[in-house]
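Below is one structure, written out as structure tokens; the observations come after it.
Read the figures in this text as sums done on the coordinates, not as results from a lab. Quick caveat: nothing in here was measured; it's all calculated off a predicted structure. Cβ sites come from the backbone with ideal geometry, for glycine too, and all protein chains shown count toward neighbours.
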Amino acid sequence: MAQNVPGVLAAFQHIDAACDAIQALRAQGRTDLTVYSASPNHEIEHALGIENSPVRLFTLIGGVTGVGAGIGMTFWMSLDWPLLTGGKPIATFPPFVVFMFELMVLLGALATVAGLVILSLSRSTRGLAYDPSFSDDRVGIFVPCPPADAPEVERLLREAGSVEVRHAA
């Protein structure tokens with residue numbers, strides 16, 4: 001069983017208030033926040049300082065691999081079993097563009113799913129406080145901190161507009 005992480009858990013009704021709290025916490029030097037939201041939100045990502053998702057790199061590598069595999073496989077098969085059709089050249093790009101595109105989409109999509117799984121598993125949320133309302137209509141922020149710092153963090157979260165603040169032990 002995972003050990004519980006001590007800290008402060010706050011619930012926000014409005015995204016603007018949650019973003020204000022995130023910016024205030026980051027201004028204090030607290031960057032190890034965990035934010036819960038029912039759906040992705042660019043305002044929260046901006047407040048957290050997240051510029052670009054690393055999943056994009058997985059998609060790019062998968063797409064380039066798919067195009068390379070499409071080129072390699074079609075040309076290799078054409079040259080391995082040459083069939084002259086109407087005097088056309090054996091290995092040319094135009095007949096194989098569709099196949100290359102399809103492999104690019106397939107491997108790009110599979111690499112995106114793999115990237116999501118790998119990056120999701122790389123950051124564990126075990127032991128962190130959570131409330132089921134964060135999956136419905138509220139935004140949650142968990143700030144890991146020692147019990148001595150909890151009153152200051154709680155004050156900051158309340159001033160930002162949280163509707164509920166709890167200490168997690």
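Quick notes on this one:
- Computed 3J(HN,Hα) for region 4-16, one whole-Hz value per residue from the Karplus formula 6.51 cos²θ - 1.76 cosθ + 1.60 where θ = phi - 60°, is 6, 8, x, x, 10, 10, 10, 10, 10, 7, 10, 5, 4, glycine and proline marked x.
- Per-selection Rg to Rh, region 110-152 - Cα, Kirkwood hydrodynamic radius: 1.12
- Seen from residue 128, the other residues with C-beta closer than 14 Å to its C-beta sum to a net charge of +1, counting Lys and Arg as +1 and Asp and Glu as -1.
- Helix-derived mean residue ellipticity, 222 nm - over the chain, DSSP H n ≥ 4, -39500 (n - 2.57), to 500: -16500 deg cm²/dmol
- Cα Rg, Dmax (largest Cα-Cα span) when computed across region 73-169, Å: 27.9, 82
- Site pair residue 135 and residue 56 shows an inter-label distance of 3.0 nm when each label is modelled 7 Å from Cα along Cα→Cβ.
- Centre-to-centre, using Cα atoms only, region 11-49 and region 125-153 are separated by 12 Å.
- Our coupling estimate for region 91-107, obtained by passing each phi through the Karplus curve with A = 6.51, B = -1.76, C = 1.60 and θ = phi - 60°, is 10, 9, 6, x, x, 9, 4, 5, 5, 4, 4, 5, 5, 4, 5, 5, 5 Hz, Gly and Pro reported as x.
- In angstrom, the C-alpha Rg and Dmax of the chain are 24.8, 82.
- Of the residues 104, 44, 29, the one whose Cα sits farthest toward the positive end of the charge dipole of the chain, with +1 on the Cβ of Lys and Arg and -1 on the Cβ of Asp and Glu, is 104.
- Working from label points 7 Å from Cα in the Cα-to-Cβ sense, the residue 121 to residue 30 distance is 3.2 nm.
- Across region 43-55, coupling constants 3J(HN,Hα) worked out from phi with the 6.51/-1.76/1.60 Karplus curve, θ = phi - 60°, read 5, 5, 4, 5, 5, 6, x, 8, 7, 9, 6, x, 5 Hz, and Gly and Pro carry x.
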